[in-house]
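The values are calculated or read from the model by the stated rules, or taken from the named source; none is laboratory data. This is a predicted model, so every value here is computed, not measured. With ideal geometry, Cβ positions are generated from the backbone for all residues, glycine too; neighbour counts draw on all protein chains shown.
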Amino acid sequence: MMKRLPVLLCLIFFSTSAWITAQTHKDPVDYVSPNIGGIGQLLTATIPYVQYPHGMARIAPVTTPGITDRYLADKIYGFPAGPAVLMASTGTATTHLKDYASDFDHDFETATPYYYATDLLTWKIKAELTAGKQSVFYRFTLPASPHAHLVLGLKEGSELKVVGDAAIEGSQRIVSPITKATDTSGETREYFYAEFSRPFGEYQTWSSGALSHQAAQTGNRIGFVTDFPATAGDQIQVRVGLSYISADQARRNLEREIPQWNFDRVKADARAAWNQALGAVDTTGGTEQQRTIFYTALYRSLGRMTDITEDGRYYSAYDHAVHQADGHDFYIDDGLWDTFRSLHPLQLLLNARQQQDMIRSYLRMYEQSGWLPSFPSIAGEQAVMIGHHAAQFILDTYEKGYRDFDVREAYAAMRKNATDATMLPWRRGPLTSLDHVYFDKGFFPALAWDEEETVLEVTEERRQSVSVTIENSYDDWCVAQLAKALGNQADYLYFTKLAHNYENLFNPEIDFMAPKSADGKWVAHFDPKLGGGQGARDYFTEVDSWIYTFGVQHDVAGLIHLMGGRDAFNAKLDQLFVEQYGTSKWHFLDQFPDATGLVGLYAQGNEPSFHIPYLYDFSGQPWKTQRRVRQLMDLWYTDTPLGIPGDDDGGATSSWYVLSALGFYPVCPGSPVYEIGSPIFEKSTIRMGNGKDFTILANHVSAQNKYIQSATLNGKSLNKAWFSQSDIENGGTLVLQMGGTPNEQWGSAPQDAPPSMTPVAASAGQ
């Protein structure tokens, strides 16, 4: 008997281990924590959306107005039902949505990408929601009450109509959240059709603060409220179809996606959709915290752009018409200044076909409006930020071998933006006198010291002249590359010349990018750290010259040459990460509220910084890239409501983390190249949209073992800190041997630097 005991113990051990493993298995979606980032580091917090990947229905609780750190809000005012706000309550019916608000507690909340639930503590109601692509499903569990209510409220320019004993439809004019006005050439509306799981019984509508029994209302701040008795545990469900085409189309969308009253089935389908999308990246190793951060970041990277195709048709705010989609979905909701850097390159790796449809969408907008937009929303172009960065998006997709769109039309659109559209920040339209200085003298002009603004087209965002020059130089490089690919030599030479314009604003006397006035003189009294007013917008975009001096993504080798070679470049780059504020920190952040996630003056919370840690790969010190990206991931990304370093900007900031955690990053979208950093997982497999797998193995990786000792790519030795799209287009394996001390020889030779516009030899001087 004693001899059999070890065998029995082994059986018990393995049986228990198998049970624990079964109990602790988590799918990718189970790691997602949508409340990460719910408290902003300084500005905007994230939103815990329930939606399908790229889905039109994007739903989150409507919390206390004015509390921008949503996680700290004390009340829920309702839930979106398209343009309407839906809420459940008990007690006395009123015409004010604030009267229906309820306290809530995150300890009694479930937030996932596919399902949200919370207790409405004021009313003792449990609220649950899930979503389809163009529909929403709500379930409310009620207490005993003689007066239970379901409420729908709408704001300005609205209409609603009761269309039976258990259905209501309506719409609301869409007002841009940025410009606060719609295009006066037409009107964009969002429609809804809502069905209730039981007849209303008694109901009222309201307008101008007065309840009535009218079945239809139009105007501003209108609403609908039911009144019925409930017993404890009663459940009432509401399913809502959404549309930008019509209320009838909203009903059809609902009937297609949620044909039955089966909440759990819709929830399971949404969960499966997210598991499939997130499962495109399989990871092994890392801590539970890192996996939570990673898959939450990936979830946030799969929200934009939004597919608004409805039964093969779509509404466009660019000509206020409904069009046939012709087998290619139509996408809106993008902010290219944010998304061209890492979000679109990540999405291209995962689903190239979808990205090509997004480019087709941009070309449709070009056909309908005459311009390639930079920030397309459902209300049309929002004229946000600077640059014409559809050029990077289009070229990056083309150069990586995905060309299922009209390339010649794309080039014509890129060229028109580059030659005929103003570069002024936050403005779209024809050229101004300032644009002609860029073409004629090679830089976008700043105001001279104490010069008053006389150019009427300049907005309150001011000229941002240095950033405009640098970013448009990059845009021009993209146009040049596509011109070359299409055999247009004259355009290639012309735009390549413009792509060098950034050089005209590097001031060798101070070793910084600096502003010039239209007469070609350096602006007097320029301070690279604190000059330029709020956000440095006289000269820069949201950050200062310490960051934008390293902003030349298309020609890092040329920038290294301007700075006097690798040693000088590395010294300045080292200093960026330790340079202090030149004033108190609170005063610096008061001037630069977008410059969050600071390490020295490097700002992980703002997009112009994203590529900078990878620049050491160009300058012979890739081990410093490996150190810095690990530091930034560990320091500024966590699994708490404070876990995003700055504005996530629809997944832009999160996509940096996803790519960096995998171990690589695209410094120059438009060039089919990825620079290598330091992965955090032992193994990552990317299931690319073409059916091929790209795997990254990091042997012996750990918190300390962040330095690459050697590498192989597809079985061959790799002695450079980058690889190309062609290396992985048919799948492949990157193997990195990791260690605790830098290998300062690996990837450091000048000839092993990633490609740039300027030949590498020109930047190799010491």
Inspect all residues belonging to segment 615-622 and state whether any of them is in a helix (DSSP H, G or I), touching a residue at least 60 places away in the same chain (Cβ under 8 Å), in contact with a Gly (Cβ under 6 Å, 6 or more places away or on another chain) and crowded, with 23+ Cβ neighbours inside 10 Å. yes
Give segment 307-330 a look and list any residue that's buried (at least 21 other Cβ atoms within 10 Å of the Cβ) and either part of a strand (DSSP E or B) or touching a Leu at 6+ places or on another chain (Cβ under 9 Å) (or both), or say none. 307, 310, 314, 315, 316
Looking at this structure, is residue 570 of a type in the set (S, T, N, Q), surrounded by 17 or more Cβ atoms within 10 Å (Cβ to Cβ) and over 28 Å from the mean Cα position of the chain (by Cα)? yes
How about segment 704-727: which of its residues are in contact (Cβ under 8 Å) with a residue 40 or more places away in the chain and not charged (D, E, K, R)? 707, 708, 721, 722, 723, 724, 725, 726
Within segment 66-98, count every residue that is touching a strand residue (DSSP E or B) at 6+ places or on another chain (Cβ under 8 Å), under 19 Å from residue 224 (Cβ atoms) and surrounded by fewer than 17 Cβ atoms within 10 Å (Cβ to Cβ). 3
Name the strands (runs of 3 or more DSSP E) wholly inside segment 182-221 in which the number of residues that are in contact with a helix residue (DSSP H, G or I) (Cβ under 7 Å, 6 or more places away or on another chain), surrounded by 14 or more Cβ atoms within 10 Å (Cβ to Cβ) and at pLDDT 95 or above is 2 or more. 189-196
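Could you list, in sequence order, all residues of segment 157-181 that are of a type in the set (A, V, I, L, M, F, W, C) and modelled with pLDDT under 95?
Answer for segment 157-181, where residues must be of a type in the set (A, V, I, L, M, F, W, C) and modelled with pLDDT under 95: 174, 175, 178, 181.
Regarding residue 191, is this residue hydroxyl-bearing (Ser, Thr, Tyr) and more than 28 Å from residue 124 (Cβ to Cβ)?
Yes, satisfied.
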Test set (1) touching a residue at least 24 places away in the same chain (Cβ under 8 Å); (2) surrounded by fewer than 19 Cβ atoms within 10 Å (Cβ to Cβ); (3) within 32 Å of the chain's Cα centre (by Cα) - residue 126 fails condition number: (1)
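Can you find a residue in segment 410-423 that is in a loop (DSSP other than H, G, I, E, B), over 18 Å from residue 484 (Cβ atoms) and in the same structural domain as residue 325 (by TED's automatic domain parsing)?
yes
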Which count do you get for residues in segment 601-624 that are hydroxyl-bearing (Ser, Thr, Tyr) and closer than 30 Å to residue 35 by Cα? 3
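Give the residue that is surrounded by the fewest Cβ atoms within 10 Å (Cβ to Cβ), with candidates limited to residues of segment 578-611 that are of a type in the set (A, V, I, L, M, F, W, C) and over 16 Å from residue 645 (Cα atoms).
Kept after step one, since they are of a type in the set (A, V, I, L, M, F, W, C), are these residues of segment 578-611: 578, 586, 588-589, 592, 595, 598-599, 601, 603, 610.
Now restrict to residues that are over 16 Å from residue 645 (Cα atoms): 578, 586, 588.
Details: 578: 10, 586: 8, 588: 19.
So, considering only residues that are of a type in the set (A, V, I, L, M, F, W, C) and over 16 Å from residue 645 (Cα atoms), the one surrounded by the fewest Cβ atoms within 10 Å (Cβ to Cβ) is 586.
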Across segment 720-737, the tally of residues that are part of a loop (DSSP other than H, G, I, E, B) and either crowded, with 16+ Cβ neighbours inside 10 Å or not assigned by TED's automatic domain parsing to the domain that holds residue 673 (or both) stands at 2
Among the residues of segment 331-370, write down those that are surrounded by fewer than 24 Cβ atoms within 10 Å (Cβ to Cβ) and either modelled with pLDDT under 95 or of a type in the set (Gly, Ala, Ser) (or both). 335, 352, 369, 370
Can you name every residue in segment 489-499 that is surrounded by fewer than 18 Cβ atoms within 10 Å (Cβ to Cβ) and either part of a loop (DSSP other than H, G, I, E, B) or in contact (Cβ under 8 Å) with a residue 60 or more places away in the chain (or both)? 496
Which ones in segment 688-712 are within 19 Å of residue 661 (Cβ to Cβ) and in a strand (DSSP E or B)? 693, 694, 695, 696, 697, 698, 699, 707, 708, 711
Residue tally, condition surrounded by fewer than 20 Cβ atoms within 10 Å (Cβ to Cβ) and farther than 21 Å from residue 599 by Cα, over segment 519-536: 7
Just name the residue that is modelled with the lowest pLDDT out of those in segment 423-464 that are within 30 Å of the chain's Cα centre (by Cα) and surrounded by fewer than 16 Cβ atoms within 10 Å (Cβ to Cβ). 429
Test residue 361 against the criterion of being in contact with a Phe, Trp or Tyr (Cβ under 6 Å, 6 or more places away or on another chain) and within 29 Å of residue 657 (Cα to Cα), and give yes or no. yes
The residue that is nearest to residue 547 (Cα to Cα), considering only those in segment 592-619 that are among the hydrophobic types (A, V, I, L, M, F, W, C) and in contact with a strand residue (DSSP E or B) (Cβ under 7 Å, 6 or more places away or on another chain), is 612
Name every residue in segment 36-47 that is surrounded by 19 or more Cβ atoms within 10 Å (Cβ to Cβ) and more than 16 Å from the chain's Cα centre (by Cα), in order of residue number. 41
Restricting segment 537-567 to residues that are within 24 Å of the chain's Cα centre (by Cα) and assigned to a helix (DSSP H, G or I), the residue that is surrounded by the fewest Cβ atoms within 10 Å (Cβ to Cβ): 547
Could you tell me whether any residue of segment 386-401 is surrounded by fewer than 24 Cβ atoms within 10 Å (Cβ to Cβ), assigned to a loop (DSSP other than H, G, I, E, B) and over 22 Å from the mean Cα position of the chain (by Cα)? yes
Checking the conditions here, which among 527, 555, 491, 511 is closer than 18 Å to residue 463 by Cβ and modelled with pLDDT of 95 or more? 527
For segment 333-353, which residues satisfy the criterion of being in contact with an Asp or Glu (Cβ under 8 Å, 6 or more places away or on another chain) and either part of a helix (DSSP H, G or I) or small (Gly, Ala, Ser) (or both)? 335, 337, 338, 339, 344, 345, 348, 353
May I ask you to list pairs of residues, at least six apart or on different chains, whose Cβ atoms are under 7 Å apart, with the first in segment 630-659 being more than 17 Å from residue 301 (Cα to Cα) and the second being part of a loop (DSSP other than H, G, I, E, B) and basic (Lys, Arg)? 630/706
Working only within segment 668-684, note down all residues that are over 21 Å from residue 288 (Cβ atoms) and either free of Cβ contacts under 8 Å to residues at least 24 places away in the same chain or buried (at least 24 other Cβ atoms within 10 Å of the Cβ) (or both). 668, 669, 670, 671, 674, 675, 676, 677
I'm checking my understanding of the structure. Among residues of segment 48-65 that are assigned to a loop (DSSP other than H, G, I, E, B) and without any contact (Cβ under 8 Å) to a residue 40 or more places away in the chain, which one is surrounded by the most Cβ atoms within 10 Å (Cβ to Cβ)? 64
